[in-house]
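Just below is one structure, and these are the notes that go with it.
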Amino acid sequence: MSVPDAFAGGLPPGLPEPALLARLAGEFFAALPGSSAAPRAPATGGVPVPVNAHPAGLSIPPGALGPSTPAAVPFGAVPPGANLAPMSPQSPANVVASAPALVPHAQAPNGVPDHVLSAAPGYDGRLGTQVLGVPEAHAASVPAAAPQPPGGGTPAPGAAASPYYFIGGDAGTPGALAPASYYFVDTARPGPAAVPQASASAHPPFDVNAVRRDFPILQERVNGRPLVWFDNAATTQKPQAVIARLSHFYEHENSNIHRAAHELAARATDAYECARETVRRFIGASSTEEIVFVRGTTEAINLVAKSWGAKHVGPGDEIIVSHLEHHANIVPWQQLAAEKGAKIRVIPVDDSGQVLLEDYQRLLSDKTKIVAVTQVSNALGTVVPVKEIVDLAHRAGARALVDGAQSVSHMRVDMRALDADFFVFSGHKVFGPTGIGVLYGKREVLEDMPPWQGGGNMIADVTFERTLYHAPPTRFEAGTGNIADAVGLGAALEYIERIGIENIGRYEHALLDHATHRMKAIPGLRLIGTARDKASVLSFVLDGHSTDEVGKALNREGIAVRTGHHCAQPILRRFGLETTVRPSLAFYNTCDEVDRMVAVVRRLARA
């Protein structure tokens, strides 16, 4: 239907004018030239045009269809849609990563051209929601036409189109697990509906624009500007595949696990244990028995300190950490040392922020019981040579723990190659949910550790005289775990596997080079942490401005960075500072976003 045809009979009786305009806008965008998607009824997917364009009790901004986003362009802002051309020269990283978006495979799943995706939310939030709409149900429950085979004919059975970039529409079950061995499960069972999954075709050409469309929150506007999320070291955003998987769990699988004979308990158990297998595969562990689900990195380190440490550390023993550590890898060891009469020894760093391996070797002795180091510094981005550190610890007869919270989203980790006794990370740092994390431990080490919490799920038998505990990992998962978010973490790791962690690493390295080059040219800006091997973190201070002032100026332009001590006070004080501004990058960021940040900081420097 053309736009003029809609007005032929005048306004329908009783229909508010804003609602009519919203409906017409949705039909207009669906009918744009070059769009491959025909208009869809709300029942078959997409986000319906709002029926109540103006919620009661809220005033409409002038010229808007709803109260969510003012239609007027804020003073000094770029008008929506004016970003069709790059706002700054494109670096090779952006040129290469954006090129696939120009060919048909990178077109938005709803068929809307990219310029509409960029512009619509700026004119009106409710209209933008319709254009950018995410289906109301997960991919598997949305009917879709099967693709036509070459030359026409009957579509292949089960070949359904997917509304998500990295989600297939087939009705497979998640992961590759053998039938579960729990007492209430006789055979493997498919769920009532297909679980949202990533595409079976691994490693498509890396396309930063297509990746960005997988993250709904990147369409947000802050202070009238498109959101730039440069706070990835604090937490990462979540792709639609993870959001859909969490929704599917609560809609079709929600139950407690391991201890019931009913169907939903079996589904939830399978989903939970499938996620454990995904973690095992992702980090290259030998067995799922080495994967313990915890709340996050902090809880994982506390578990090791209060279980393994309480058993094996005594008076006069030594615990080695590095100067780069997050507080979560300092405080638990301090508590253990105070309780046991042990000592903390610290590996120093040079002026670039890299650990000094020769000094570390001198710290090792027969008193050393455990060495706990980060793989990537959350405050500086330094990539630490953990393989050498682990090997030297083992030669001294000590155990080694590696904090991988800041590394798993940037580089491949392999437990069999690293040979660490413990490896820990958090789900929310790797595009998964908050409140879930992982402790990897070598099987023989975990079997030697006593439980650190007591309760249900971790026991084999209980009488009033004694308790028999399960073997790892169940021994360390007392009580009801964070089942849904463990499943969500599994979906996040599968998403990364489909893109390819090497693809991510290459793109982020080029992005970091571009950002470092641009920021070094700003007068009065001092980068903190300039090690040769770095991940995507850029801590800095600016002469004449507090870190809070810089952070607030960036926020006014819609750019989110972290300011403060980043829970890593010792390393900042090593450089004579209490706080820094910390932009941290991910594979959905672009050089154009970096240049937006640089322009704001350069303006402050001139002032």
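In this model, which of Lys306/Lys343; Lys429/Lys520; Lys306/Lys340 are farther than 22 Å apart at the alpha-carbon? The answer is Lys429/Lys520. The slack between Asp351 and Thr480, meaning 0.36 nm per residue of separation minus the straight C-alpha distance, is 41.8 nm. Taking the convex hull of the alpha carbon positions in region 241-361 and averaging its projected area over all directions gives 11.3 nm². Ranked by solvent-accessible area (1.4 Å probe, protein heavy atoms only, all chains present), the residues Lys311, Lys369, Lys534, Lys520 order from largest to smallest as Lys520, Lys311, Lys369, Lys534.
As a size descriptor, the averaged projected area of the C-alpha convex hull of region 348-444 was calculated at 6.9 nm². The modelled label-to-label distance for the pair Ala261/Ala338, using points 7 Å beyond Cα in the direction of Cβ, is 5.1 nm. Considering region 196-310, its Cα convex hull presents a mean projected area of 11.0 nm². Take region 394-440 with all the other protein chains still there, run a 1.4 Å probe, and you get 27 Å² of accessible area per residue.
In this view, the solvent-accessible surface of Ile499, computed with a 1.4 Å probe and all protein chains in place, comes to about 0 Å². The mean of 1/r over all pairs of different alpha-carbon atoms in region 453-607, once inverted, gives a Kirkwood hydrodynamic radius of 19.0 Å.
Ligands, DNA and RNA are left out, and with a 1.4 angstrom probe the accessible area of region 214-328 is 32 Å² per residue.
The relative contact order of region 256-328, computed from alpha carbon pairs under 8 Å that lie at least 6 residues apart in sequence, is 17 percent.
How high is the FRET efficiency from His509 to Val600, r the C-beta distance, R0 35 Å, rounded to 0.05? That pair, His509 with Val600, gives E of 0.90. For the pair Ala560 and His327 in one chain, pulling the backbone fully straight at 0.36 nm per residue adds 81.6 nm over the alpha carbon distance.
Heavy-atom accessible surface of Trp452, to the nearest 10 Å², is about 70 Å², with a 1.4 Å probe and all protein chains retained. In this rough spin-label picture, where each label sits 7 Å from Cα along the Cβ direction, the Glu220-His517 distance is 3.1 nm.
Its Cα centre serving as origin, region 504-607 has a Cβ charge dipole (Lys and Arg +1, Asp and Glu -1) of approximately 200 debye. For Ala310 and Cys567, the FRET efficiency from 1/(1 + (r/R0)^6), where r spans their Cβ atoms and R0 equals 30 Å, is about 0.80.
Phi angles of region 479-491 translate, via the Karplus equation with coefficients 6.51, -1.76, 1.60 and θ = phi - 60°, into HN-Hα couplings of x, 6, x, 7, 5, 4, 6, 5, 5, x, 4, x, 5 Hz per residue; Gly and Pro are given as x. In region 440-504, Rg over Rh equals 1.16, where Rg is the alpha-carbon radius of gyration and Rh the Kirkwood radius from pairwise Cα distances.
The values are calculated or read from the model by the stated rules, or taken from the named source; none is laboratory data. Source: prediction; values computed, not measured. As a convention, Cβ positions derive from the backbone with ideal geometry for all residues, glycine included, and neighbour counts pool all protein chains shown. The protein model used for the area step is the full one, side chains on, heavy atoms only, and it has no ligands, DNA or RNA in it. Shrake-Rupley method; radii C 1.70, N 1.55, O 1.52, S 1.80 Å.
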